[in-house]
Number of protein chains: 2
Amino acid sequence: MIRPFNFSAGPANLPEEVLRQAAAEMLDWHGSGMSVMEMSHRGKEFISIYEHAEADFRELMAIPEHFKILFMQGGGLAENAIVPLNISRGGSADFVVTGSWSDKSQKEARKYCDVQIAATNESSAHTSLPPPATWQLRRDASYVHVCTNETIHGVEFQELPDLKALGSDAPLVIDFSSHVASRPVDWSKVGLAFGGAQKNLGPAGVTLVVVREDLLGHALAVCPSAFNYKTVADNDSMYNTPPTYAIYIAGLTFQWLKRQKEGEATGIAAMEKHNLAKAELLYDAIDHSGLYINKVSKDCRSRMNVPFLLRDESRNEDFLAGAKARGLLQLKGHKSVGGMRASIYNAMPLAGVEALVSYLQEFEQKHA
Amino acid sequence: MIRPFNFSAGPANLPEEVLRQAAAEMLDWHGSGMSVMEMSHRGKEFISIYEHAEADFRELMAIPEHFKILFMQGGGLAENAIVPLNISRGGSADFVVTGSWSDKSQKEARKYCDVQIAATNESSAHTSLPPPATWQLRRDASYVHVCTNETIHGVEFQELPDLKALGSDAPLVIDFSSHVASRPVDWSKVGLAFGGAQKNLGPAGVTLVVVREDLLGHALAVCPSAFNYKTVADNDSMYNTPPTYAIYIAGLTFQWLKRQKEGEATGIAAMEKHNLAKAELLYDAIDHSGLYINKVSKDCRSRMNVPFLLRDESRNEDFLAGAKARGLLQLKGHKSVGGMRASIYNAMPLAGVEALVSYLQEFEQKHA
């Protein structure tokens, strides 16, 4: 069977190899006689799965030893509260608003600290990024929050801001939910990173948090213990029962990422080349067409989420029906921006983008 | 292959039929071309899975229409904070402490409201239950919390307390994590019930909350939006991305529960008969032995979690090694009470308990 190509923004497609292995091991993991779902999280079998997943993620992402990796629950939306509960100290936080996700984050943080919008791209309808030199950062901010890839608006930071160079000592918090593991991260610029797994890493239900150790231990009194980073870190993410099966699938995905090669590059570096090639192919097809349009500035277009409009919107339904008939699934855009969106995460093969580009051209010619 | 019998306290064994179906559907759910893990939670495929799961759980548990069913994240430990964040109104709450889990709950709730221990079985080392008539309930309590089955100490309420009959109008909150769906619930006595799925319902990572509608809408200002029951209810558990795969597996387990039959009884009523038969067989073997002992009062012994000690504790390691060799897994007791524990949840077949009883007798005879 040839599987269709699934362009869902998340939960999203997973590598076929990962799904095949999960199916094969469902009733008996490595001769244990148990499904991974059935294992005590405190037993040696699951502990080995957990330790491998954590070590593989650290290696893949080149995460320095002074950062803790936490496997949590609740997704990015829960982290919008959990981050300020843990690191705002009830003080102030600066937010750079670049789309729906960073906007949701700043609204939630207001429950716990004094929030200021340091910069926003609202005047461009979230199609550009405000240059870091223009950000209004406060000296006393507990942290600065940035969403490094906006899933809905399709804008992505191609480089992390260097807060120190901007005169700020505050830790940078990045929401990297929708492009984690698609490119390297410069950890020297980061205090905390969080992301739900359901776009690039695995199933919904597990959240990856990477946090610099000096930020642990300052949670507000009202922070639930299960979401206190220090409690979670001190218990190796097993203060409460972790989402064991989701961690296992993420672990299989990490192993798949480690096997990636592209020329001399391996792992995330190989994945990045792969993702660049896919994104260039798709944006190029859109830019050279008379029917499709992507409004995002070329310097901050997302490699992961490609929103586009049909200049003739009356053809939207036809477009989606034809796509589905060709096995190109879940291309409908987010309701807040309309049109189409192709999410081309790590697990989307080049062949999927090629099939989409062929269809874009075929549909345009047919309706010329 | 004959699968071993897994007595883990949770995550715990799942029905083999559920695992086989999940494996078969892993790459292509019902001809959709997608794994359930890959589906957008807003797409019609996953919505149908979600709606079936919710309807099946409501039917199985006979949950009245004025209760909402929420699928959340964080497990029982997170609910220890989420419950008072949502329904304490910053006032007071009365706790009945009957073991480790209710004790953890009351400690966490102190962050959000004035907590009183209305009754405790500590003087019996958590081997009995304090009669409801002796509970010291406050007139102004926002709620009364009870853990209806203590997984570690193996005590279970055989009947829910009737708070109205005790002169209290406070809603009863029950933590039913470790015996949900093993027996019927009298919802007329309950305001809110919560439970992690990983013992009787599915994989770790999804929490079931059943809450009376009048308790919604009173969350404290510091309650994270993702854990605000009203927000979750108003968004059909999709305010944040739900743990889709865990909900799917829980849904398959609900379907399996609906297929249960025992004489005239079906569903949960059949399951209860099945569970009673398993528990009687095991307690009877323990009580009639000279080597094993269960210290819990007969009137409140758990049907789900059966802790027992070897009178000669120097044989513990031998016992566990022999059990493992016979395919009887994860029988080691919780570190806080020592000895052994057999968790015999819904998915444990009678044959598993029979095999355990045979082994108990064989081991005792060998060492007589």
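Nothing in this text is a laboratory measurement; each read-out follows from the coordinates by a stated rule. From a predicted model like this one, the values you see are computed outputs, not experimental measurements. Positions of Cβ are generated from backbone atoms using ideal geometry, with glycine treated the same way; all protein chains shown enter the neighbour counts.
Some notes on this structure:
- Each residue of region B:139-150 was assigned a 3J(HN,Hα) from its phi angle through the Karplus expression (A = 6.51, B = -1.76, C = 1.60, θ = phi - 60°), giving 4, 9, 5, 6, 6, 10, 9, 9, 9, 7, 8, 8 Hz with x at Gly and Pro.
- Qualifying GluC sites (Glu not before Pro) for region A:1-98 [loop in DSSP, other Cβ within 10 Å: at most 12]: A:Glu65
- Residues whose placed amide H lies under 5 Å from that of B:Ser92, excluding near-sequence neighbours: B:Asp114, B:Ser142
- Shape category assigned to chain B from the gyration tensor of Cα positions, a/c cut at 1.5: oblate
- When the GluC sites (Glu not before Pro) in region B:233-297 are filtered for DSSP coil states and for at most 13 other beta-carbon atoms within 10 Å of their beta-carbon, the remaining sites are B:Glu264.
- The residues B:Met26, B:Met72, when put in order of fewest to most other Cβ atoms within 10 Å, stand as B:Met26, B:Met72.
- A simple count of charges around A:Phe157, restricted to other residues whose Cβ falls under 13 Å of its Cβ and scoring Lys, Arg +1 and Asp, Glu -1, yields -3.
- Mean-square fluctuations from a GNM of chain B, with a 10 angstrom spring cutoff on Cα atoms, peak among B:Ile344, B:Ile293, B:Ile247 at B:Ile293.
- Candidates A:Val357, A:Val146, A:Val206: whichever shows maximal mean-square fluctuation once chain A is modelled as a Gaussian network with Cα springs under 10 Å: A:Val357
- Axial C-alpha extent at least 27 Å, average Kyte-Doolittle at least 0.0 - helices from chain A (DSSP): A:267-287
- The ranking of A:Ile49, A:Ile87, A:Ile63 from fewest to most other beta carbons within 10 Å of each one's beta carbon is A:Ile63, A:Ile49, A:Ile87.
- Cα-based shape type of region A:27-81, given that a ≥ b ≥ c are square roots of the gyration tensor eigenvalues and the cut on a/c is 1.5: oblate
- Comparing A:Gln260, A:Gln21, A:Gln73 in a Gaussian network model of chain A (Cα springs below 10 Å), the most mobile by mean-square fluctuation is A:Gln21.
- Built amide H within the under 5 Å cut-off of A:Asn6, gap 5+: A:Leu329
- Helical runs assigned H by DSSP (4 residues or longer) give chain B a calculated mean residue ellipticity at 222 nm of -10500 deg cm²/dmol, each run adding -39500 (n - 2.57) before division by the residue total.
- Cα gyration tensor shape of region A:152-219, rounded if a/c is under 1.5, else prolate or oblate by comparing a/b with b/c: oblate
- Dipole magnitude (debye, nearest 20) for chain B, charges at Cβ of Lys, Arg, Asp, Glu: 540
- Applied to region B:160-174, the Karplus parametrisation 6.51 cos²θ - 1.76 cosθ + 1.60 on θ = phi - 60° returns per-residue 3J(HN,Hα) values of 6, x, 9, 4, 4, 5, 8, x, 10, 9, 5, x, 8, 9, 10 Hz, with x for Gly and Pro.
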